[in-house]
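Scroll down for the structure; my scribbles are underneath it.
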Amino acid sequence: MQSVRSTIEECCRLGIGQLTLYCLSTENWKRPQAELDFLMALLQQYLLAERTEIMEQNIRFTTIGRREGLPAEVLREMDENVRLSDNNKGMTLCLAINYSGRSELVDAVKLLARRVRAGQLQPNDIDETVIEDTLYTAGMPEPDLLIRTAGEMRVSNFLLWQISYAELWVTPKCWPDFDAPTLHEALREFAKRERRFGGLKDEA
């Protein structure tokens with residue numbers, strides 16, 4: 001929670017437009033029940049404890065992921081933070097809770113299939129824009145930078161569609177040790193990258 005707080009504060013200070021944090025994956029439900037109960041209690045505590053900070057920092061709070069399986073008290077605090085911060089104009093803070101990139105794509109395909117069956121959409125009209133508008137992240141910008149902690153060289157089912165052209169940066173630090181200097185290191189490295197999005201190097 002301390003790492004979350006310090007990272008959010010620094011991103012706000014730097015003028016970052018959106019920060020998305022992977023809080024709980026759908027695969028995490030395989031963990032022992034006692035650990036899951038603790039995680040849910042911690043999540044509820046965070047949502048309550050940070051509400052004042054969210055409003056003072058003018059943060060717009062939102063979430064992505066499936067609601068099914070989350071305790072009613074967690075959903076209540078999530079929805080309250082979304083409601084209270086809806087008109088805030090600062091950084092968007094998105095928490096991925098009970099999230100899976102594959103599940104997101106499955107849910108999008110099901111929704112599109114229902115629209116086709118209802119005659120609201122023709123199969124030939126389905127393009128990348130239509131799919132993007134059907135994902136949990138509809139209306140959000142694509143990530144520019146994906147920071148992976150703990151030295152892990154995998155994306156762990158996170159924003160699989162959205163990170164197609166994101167820059168990846170890996171740190172050996174585990175999340176509890178992630179701090180503002182580490183964030184600055186990632187941003188400095190990002191600033192050095194040449195982003196061509198599949199094109200050729202600009203010779204001008």
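Somewhere in segment 125-138, is a residue more than 21 Å from CYS94 (Cα to Cα), in a loop (DSSP other than H, G, I, E, B) and touching a Gly at 6+ places or on another chain (Cβ under 6 Å)? The answer is no; no qualifying residue exists. Scanning segment 22-42 for residues that are within 16 Å of the chain's Cα centre (by Cα) and either open to solvent by less than 20 Å² (accessible area, probe 1.4 Å) or basic (Lys, Arg) (or both) gives LEU24, SER25. Please determine whether any residue of segment 152-165 is open to solvent by 30 Å² or more (accessible area, probe 1.4 Å), charged (D, E, K, R) and in a strand (DSSP E or B). No, segment 152-165 contains no residue that is open to solvent by 30 Å² or more (accessible area, probe 1.4 Å), charged (D, E, K, R) and in a strand (DSSP E or B).
Restricting attention to segment 125-138 and to residues that are polar (S, T, N, Q) and free of Cβ contacts under 8 Å to residues at least 40 places away in the same chain, the residue that is least open to solvent (accessible area, probe 1.4 Å) turns out to be THR134. Residue count for segment 161-194 satisfying the condition of being more than 15 Å from ASP144 (Cα to Cα), of a type in the set (Ser, Thr, Tyr) and in contact (Cβ under 8 Å) with a residue 12 or more places away in the chain: 1. Within the set ARG102, ARG51, the sole residue that is open to solvent by 60 Å² or more (accessible area, probe 1.4 Å) and touching a Leu at 6+ places or on another chain (Cβ under 9 Å) turns out to be ARG102. Mind checking whether some residue in segment 104-123 is among the β-branched types (Val, Ile, Thr), closer than 29 Å to TYR165 by Cβ, part of a helix (DSSP H, G or I) and under 17 Å from the mean Cα position of the chain (by Cα)? No, the conditions are met nowhere in segment 104-123.
Here is the figure for segment 55-80: residues that are under 16 Å from the mean Cα position of the chain (by Cα) and either among the acidic types (Asp, Glu) or not in a loop (DSSP other than H, G, I, E, B) (or both) total 6. Would you check if VAL82 is free of Cβ contacts under 8 Å to residues at least 60 places away in the same chain and under 21 Å from TRP161 (Cβ atoms)? Spelling it out, it is not the case that VAL82 is free of Cβ contacts under 8 Å to residues at least 60 places away in the same chain and under 21 Å from TRP161 (Cβ atoms). The set of residues in segment 139-166 that are more than 24 Å from THR92 (Cα to Cα), touching a strand residue (DSSP E or B) at 6+ places or on another chain (Cβ under 8 Å) and among the hydrophobic types (A, V, I, L, M, F, W, C) contains only MET153.
Screening PRO141 with (1) under 25 Å from GLY15 (Cβ atoms); (2) surrounded by fewer than 15 Cβ atoms within 10 Å (Cβ to Cβ); (3) over 19 Å from the mean Cα position of the chain (by Cα) gives one miss only, at (3). Applying the set (1) within 20 Å of THR63 (Cβ to Cβ); (2) under 16 Å from the mean Cα position of the chain (by Cα); (3) touching a residue at least 40 places away in the same chain (Cβ under 8 Å) to GLY90 leaves exactly one unmet item: (2). Which pairs have Cβ atoms under 7 Å, sit 6 or more apart or on different chains, and link a residue in segment 12-34 that is within 13 Å of GLY69 (Cα to Cα) to one that is among the β-branched types (Val, Ile, Thr)? Filtered contacts from segment 12-34: LEU24/ILE97. Comparison of THR134, THR182, THR171 shows that the only residue that is under 17 Å from the mean Cα position of the chain (by Cα), at pLDDT 95 or above and of a type outside the set (A, V, I, L, M, F, W, C) is THR134.
Any idea which of ARG66, ARG83, ARG60 is open to solvent by 60 Å² or more (accessible area, probe 1.4 Å), of a type in the set (Lys, Arg) and touching a helix residue (DSSP H, G or I) at 6+ places or on another chain (Cβ under 7 Å)? After ruling out the rest, the residue left standing is ARG66.
The values are calculated or read from the model by the stated rules, or taken from the named source; none is laboratory data. Note that this is a predicted model, so its numbers are computed, not measured. Neighbour counts run over all protein chains shown; Cβ positions are idealised from the backbone, glycine included. These accessible areas exclude ligands, DNA and RNA; they are computed on the full protein's heavy atoms, side chains included. Shrake-Rupley method; radii C 1.70, N 1.55, O 1.52, S 1.80 Å.
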